[in-house]
Amino acid sequence: MAVVSYAFYRLPYADSYTLVESEQAPLQLGGLEELGRVPGFAVVPFHSSESSSPLLILPDSITVRRLGTAGRQAPATETDAGHEPEPAYAAAFKAFHDAVCGGKLRKLVLARKKQLILRLDCNLADPTAMRELFERACNMYPRLMIMLYSTPQSGTWFVASPEILLDGRGRSLHTVALAGTMPFQEGIVDWSDKNRHEQHIVEEYIEGILGQVSADVLKDGPVTMRAGNLVHLRTDFRFHLDPKLALGQLVSRLHPTPAVCGMPKQEAAAFISENEGFDRRYYSGFAGPVDLQGETHLYVALRCAELYSAADGTVASLYAGGGIVPGSECLSEWLETESKMKTIQYVLQ
């Protein structure tokens, strides 16, 4: 089979993974409301643009493979104390922080990216060539959703995400409010007021959306969740989607959540577009199977990198971000993005 588009994915804690392959370019969606009409693997950007549109890989083959146990493990603790923020990040942080302190915006998410030259020498569009790298990530991060997908429109993306956007079978669904970040340490985590406030904004937003689409929402949390070498605050929501609503209608209301955008959502998205300084593309969008084999597993594209070939080798653009509220500090937020980038950096180097 001449593969044009493909997607690997491994659910958290699973001992097997799935490879979706297609002989055609993916279906370009006119809007998120179209999700769920046909089965496939979704690849959705933070916001749609000429260079980044919502896509659906239509599978010509679906292969499930057992995951081996060999491979490197992620370092147990951080070994690098970090460094001072780059001037461009410091300037962006001031603009974002001034905006939330001004009172019109409750929260903003500031992202950044950096490039790495990799030692990889393989065809990024060939799933056979990329399988070993994907399996390495699966073994390093058993708690995370691991995805590696490639289409002619999106390029090739590697994701190791802790954040569910929407997960379940049929109309029995599950989502989370995930925010707040600290380095992992054994024992009880002492969460700061800043982190709790940041997570509560996400929780409040998701609870409000679900109240519009379901009559039976079960809420559990917040609790501490480990994701690689970091921990987050997580609240789980389980619910049944109203029979009058389609899956795509719910997704279009949820995305982007305040965990990757801010509040109020429309004003935050506009501020990010004008002040962040780069196009996020598929970072902080979402991806995953939609009604494949009866199940949907959509995860926010966090801890991710875009891989592409250049004259001096394979290049990775690493992406990471953090929530900005009045209690945020520039150095702390910079170091948080450094720690998040290391999740994928450990896999690639």
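The values are calculated or read from the model by the stated rules, or taken from the named source; none is laboratory data. Remember, it's a predicted structure, so these values are computed and weren't measured experimentally. Every residue, glycine among them, receives a Cβ derived from its backbone with ideal geometry; neighbour counts consider all protein chains shown. Note: accessible area is taken over every heavy atom of the protein model, side chains too, but ligands, DNA and RNA are not part of it. Shrake-Rupley method; radii C 1.70, N 1.55, O 1.52, S 1.80 Å.
The table for this structure:
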read-out: SER252-GLU329 pseudo-label distance in nm [points 7 Å out on the Cα-to-Cβ vector]; value: 4.4 nm
read-out: Length released on extending from SER172 to SER273, taking residue separation times 0.36 nm less the Cα-Cα span; value: 32.9 nm
read-out: Cα lying deepest toward the dipole's positive end in segment 213-331, options GLY277, PHE239, ALA301, charges on Cβ; value: PHE239
read-out: Extreme residue, positive dipole direction of the chain, given options GLY208, TYR17, GLY262 (C-beta unit charges); value: TYR17
read-out: Length gained when the stretch ASP121-GLN293 is fully extended (0.36 nm per residue, less Cα-Cα span); value: 58.5 nm
read-out: Prolate/oblate/rounded label for the chain (Cα gyration tensor, a/c 1.5); value: rounded
read-out: Percentage relative contact order, segment 80-238, counting C-alpha pairs under 8 Å, at least six apart; value: 18 percent
read-out: Exposed-site-free run, longest, the chain (rule: GluC sites (Glu not before Pro); DSSP loop; at most 16 other C-beta within 10 Å); value: 187-328
read-out: Proximal aspartates and glutamates relative to LYS219, as straight alpha-carbon distance under 20 Å, when same-chain residues fewer than 8 apart are discounted; value: GLU163, ASP167, GLU198, GLU203, GLU204, GLU207, ASP236, ASP242
read-out: Length-normalised contact order of segment 91-155 in % [C-alpha pairs under 8 Å, at least 6 apart]; value: 19 percent
read-out: Accessible area expressed per residue, the chain, with surrounding protein chains retained (probe 1.4 Å, Å²); value: 42 Å²
read-out: Estimated dipole of the chain in Debye, rounded to 20 [Cβ of Lys and Arg +1, of Asp and Glu -1, Cα centre]; value: 360 debye
read-out: 222 nm mean residue ellipticity, helices alone, for the chain (DSSP H n ≥ 4; -39,500 (n - 2.57); rounded to 500); value: -8000 deg cm²/dmol
read-out: FRET efficiency, GLU132 to GLU23 (Cβ-Cβ, R0 22 Å, nearest 0.05); value: 0.40
read-out: Size of charge dipole - segment 209-252 - debye, nearest 20, with Cβ of Lys, Arg +1 and Asp, Glu -1, no other charges; value: 120 debye
read-out: Extension gain, VAL223 back to GLU186 (0.36 nm per residue minus Cα-Cα distance, nm); value: 11.8 nm
read-out: Virtual spin-label span in nm between LYS104 and ALA215, 7 Å along Cα→Cβ; value: 4.2 nm
read-out: Relative contact order for the chain, counting Cα pairs under 8 Å that sit 6 or more residues apart, in percent; value: 27 percent
